[in-house]
1. Can you pull out the trypsin sites (Lys or Arg not before Pro) in the stretch 1-75 that DSSP calls coil and that have at most 14 other Cβ atoms within 10 Å?
2. Using a 7 Å offset from the Cα along the Cα-to-Cβ direction at both residue 13 and residue 41, what is the distance between the two label points in nm, to one decimal?
3. Taking loop as defined by DSSP and a crowding limit of 12 other beta carbons within 10 Å, which GluC sites (Glu not before Pro) in the chain fit?
4. Once a ≥ b ≥ c are taken as the square roots of the eigenvalues of the Cα gyration tensor of the stretch 15-56, is the result rounded (a/c under 1.5), prolate (a/b larger than b/c) or oblate (a/b not larger than b/c)?
5. Considering the stretch 32-85, what Rg and Dmax in Å follow from its alpha-carbon atoms?
6. For the pair residue 77 and residue 56, what calculated FRET efficiency results from E = 1/(1 + (r/R0)^6), where r is the Cβ-Cβ distance and R0 = 22 Å, to the nearest 0.05?
7. Whose amide H sits under 5 Å from the amide H of residue 62, counting only residues 5 or more places off or on another chain, with H placed in the peptide plane?
8. Go through [x] 33, 32, 23; [y] 85, 33, 15; [z] 49, 33, 23 and flag the label whose value is the computed Cα extents along the principal axes in Å for this structure.
Amino acid sequence: QQGMTVAPVVANLGPLEALTLTPNPDEVEEVFTLPLAHLLREENQGYTHFRMASGYGYTLPVFLNGPHKVWGLTAIITELTLELLVPGCY
């Protein structure tokens, strides 16, 4: 969808077990966490290549080996966040 604004927020929310989250079911299928150490391990990082009818399209990050594959806009935001939080490590 074009014209959509996304505003990612990074925050320390304390123990996640104490939170009551109510995500929009039309937008979020499941809430889960991944430790920073997991995201920084090379074996858990990859890229997905999308092809267009005209040939090569684009490449996006993907994070693997967790409860779910993290891809799409969530992976893009995660990658940008890692570059800011741990420069030189990602």
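1. 41, 69
2. 2.3
3. Working: sites: 17, 27, 29, 30, 42, 43, 79, 83; in loops: 27, 29, 30.
Loop-located and lightly packed - 27, 29, 30.
4. Working: a/c = 6.95, a/b = 1.53, b/c = 4.56.
Here the stretch 15-56 falls in the oblate category.
5. In order Rg, Dmax, the Cα atoms of the stretch 32-85 give 12.2, 39 Å.
6. Numbers: r = 24 Å, r/R0 = 1.08.
Calculated transfer efficiency: 0.40.
7. 46, 47, 48
8. Recomputing Cα extents along the principal axes in Å here picks out [z].
FYI, it's all coordinate maths here, none of it is from the lab. None of the values given here were measured: they were computed from a predicted structure. Using ideal geometry, Cβ is built from the backbone for each residue, glycine included, and neighbour counts are taken over all protein chains shown.
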